[in-house]
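Visitor: Encoded as structure tokens, here's the structure I'll be asking about.
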Amino acid sequence: MLDSILDKRRYLGELLSEAIAVFIIIAFGNSVAAMYTLYAPSPYQTAYWGVCMAWGLGVTIAIYVTGSVSGTHANPAVTLALAFYRGFSWKKVIPYCIAQLIGAFLGAVLVYSLYVPVIDHFNEIHHLERATGGAAGVFFTQPGLAITTLHAFYDEIVLTAFLIFGIFAVTDQYNEMAPGANSGALIIGLIVAAIGASMGYLEAWAINPARDLGPRIFCFFMGWGHSAFPGNQGYWWVPIVAPLIGGVVGGGLYKFLVQAFFIRKEESL
């Protein structure tokens, strides 16, 4: 009986931890997007690396805060990849994803509460409306210059594959080159930042279904309407489906192209 109670408490803690982790990421990430989008001159317009670092450090902080409780998946693509390749319980996949989505939604609520006067001012002076996408870039992603929905789908698969490939390398217990002394969180944050710095302009590098969907749902009810769903070019489904595929692809590539060729110490004796 006591064990059952402890197990339920531990599981509840894991779900709460996942929600907190994504809440932290969105709080920092959407806020830096607001700084980038809403101000003129933007403090980041000629220093885009700062945007990437803010997102990356948001991930790093989330890992340091919650890693000891849930392992900080903080991304349905990570959760799915771990279930495929690292033995994570399939029974926990959907509850983890729901917790992550809730955290993203609440993170958007916080950012909105902070920036709503600036959002309204931005839309007013630029003669924009929420329903037509005014200031939507603060919260959710859309195709960039010359990018179609189908091309964005391909992009997000590739970008998320890079992310999971890197995470698997950093967290592999048999990878002797992986960072130690709890520095893995910083490296994972830098992986996120590097993806954004090199490929982020394609479609704002969602690489996380919860990161895009949670704020998008919030915005739908806060006046952004059709600009959130179905979004520009009917884009809403791309940052959900493509990262899930990319996570499985990236995890598989690491497992079969890298991990399969490790020589473990016990095998070399």
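Visitor: Based on this model, can you work out whether Thr46 counts as of a type in the set (Val, Ile, Thr), touching a Gly at 6+ places or on another chain (Cβ under 9 Å) and on the phi < 0 side of the Ramachandran plot?
Guide: For Thr46, the condition - of a type in the set (Val, Ile, Thr), touching a Gly at 6+ places or on another chain (Cβ under 9 Å) and on the phi < 0 side of the Ramachandran plot - is not met.
Visitor: Please go through the range 117-150 and give me each residue that is of a type in the set (A, V, I, L, M), in a helix (DSSP H, G or I) and either closer than 22 Å to Phe23 by Cβ or touching a Ser or Thr at 6+ places or on another chain (Cβ under 9 Å) (or both), ordered by number.
Guide: Residues satisfying the conditions are Val118, Ile119, Ala131, Ala136, Val138.
Visitor: What about Phe153, is it over 24 Å from Gly58 (Cα atoms), over 18 Å from the mean Cα position of the chain (by Cα) and aromatic (Phe, Trp, Tyr)?
Guide: No, not satisfied.
Visitor: Please state which of the following conditions Phe153 fails to meet, knowing it meets all the rest: (1) closer than 27 Å to Phe23 by Cβ; (2) crowded, with 17+ Cβ neighbours inside 10 Å.
Guide: (1)
Visitor: Out of curiosity, is Leu114 over 13 Å from the mean Cα position of the chain (by Cα), outside any helix (DSSP H, G or I) and more than 16 Å from Phe221 (Cβ to Cβ)?
Guide: Taking the combined requirement at face value, the residue does not satisfy it.
Visitor: Failed condition for Ala169, given (1) closer than 25 Å to Thr79 by Cβ; (2) among the aliphatic types (A, V, I, L, M); (3) touching a helix residue (DSSP H, G or I) at 6+ places or on another chain (Cβ under 6 Å); (4) in contact (Cβ under 8 Å) with a residue 40 or more places away in the chain, with all others met?
Guide: For Ala169, the exception is condition (3).
Visitor: Residue by residue through the range 210-246, note down the ones that are over 14 Å from Phe153 (Cβ atoms) and either under 15 Å from the mean Cα position of the chain (by Cα) or at pLDDT below 95 (or both). Step through it out loud before you land on a result.
Guide: Restricting attention to the range 210-246, the residues satisfying the condition of being over 14 Å from Phe153 (Cβ atoms) are 210-211, 213-230.
Within the range 210-246, Ala210, Arg211, Leu213, Gly214, Pro215, Arg216 meet the criteria.
Visitor: Looking at Leu145, is it within 24 Å of Gly189 (Cα to Cα) and not small (Gly, Ala, Ser)?
Guide: Answer is no for this residue.
Visitor: Let me ask something else about it. Can Pro117 be described as without any contact (Cβ under 8 Å) to a residue 12 or more places away in the chain and open to solvent by 80 Å² or more (accessible area, probe 1.4 Å)?
Guide: Details: without any contact (Cβ under 8 Å) to a residue 12 or more places away in the chain: yes; open to solvent by 80 Å² or more (accessible area, probe 1.4 Å): yes.
The answer is yes for Pro117.
The values are calculated or read from the model by the stated rules, or taken from the named source; none is laboratory data. Treat the numbers as computed from the prediction; the structure is a model and nothing was measured. Methodologically, a virtual Cβ is constructed for each residue, glycine included, from the backbone with ideal geometry; neighbour enumeration extends over all protein chains shown. Protein only, heavy atoms only, side chains kept; ligands, DNA and RNA dropped before computing areas. Shrake-Rupley method; radii C 1.70, N 1.55, O 1.52, S 1.80 Å.
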